[in-house]
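The values are calculated or read from the model by the stated rules, or taken from the named source; none is laboratory data. Note that the coordinates shown come from a computational prediction; the quantities given were computed from them, not determined experimentally. Glycine gets a Cβ as well: all are built from the backbone with ideal geometry, and neighbour counts include every protein chain shown.
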Amino acid sequence: MSEELTSEQSVHSFESEMNQKEFFTGEFLRQVREFRKISLDEIADKTRVGKNYLRAIEEEDLDVFPALVYLKGFLRQYSKYIGLNPEKVVAGYVKLRSFKKTY
């Protein structure tokens, strides 16, 4: 019984953390996706965003994106699909890193 309670508390704690986040890392987004038992294949299929871009978001491999606008658009679709606020995620993800390419 205490194991169930601990698991339930853990789920509640993670849900709370998701809602209170200001900054989003690729690792945290991956954890949310896995917590919700959603595969990259499923997101790619439903959003039409290439799996390579989804993986790059989680790995924070920004060199894959031809421009910042692509990263933001794909990030919006990804975060919406996994149940997070897209605008909050985009703002929090981009704040944590500087986009390395200049256009």
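Once region 16-33 is narrowed to residues that are surrounded by 13 or more Cβ atoms within 10 Å (Cβ to Cβ) and in a helix (DSSP H, G or I), the residue that is modelled with the lowest pLDDT is MET18.
Of all the numbered requirements in (1) surrounded by 13 or more Cβ atoms within 10 Å (Cβ to Cβ); (2) modelled with pLDDT of 95 or more, ASN52 misses one, and that requirement is (1).
If the condition is being in contact with a Pro (Cβ under 7 Å, 6 or more places away or on another chain) and either among the polar types (S, T, N, Q) or over 16 Å from LYS46 (Cα atoms) (or both), then region 56-88 contributes only SER79.
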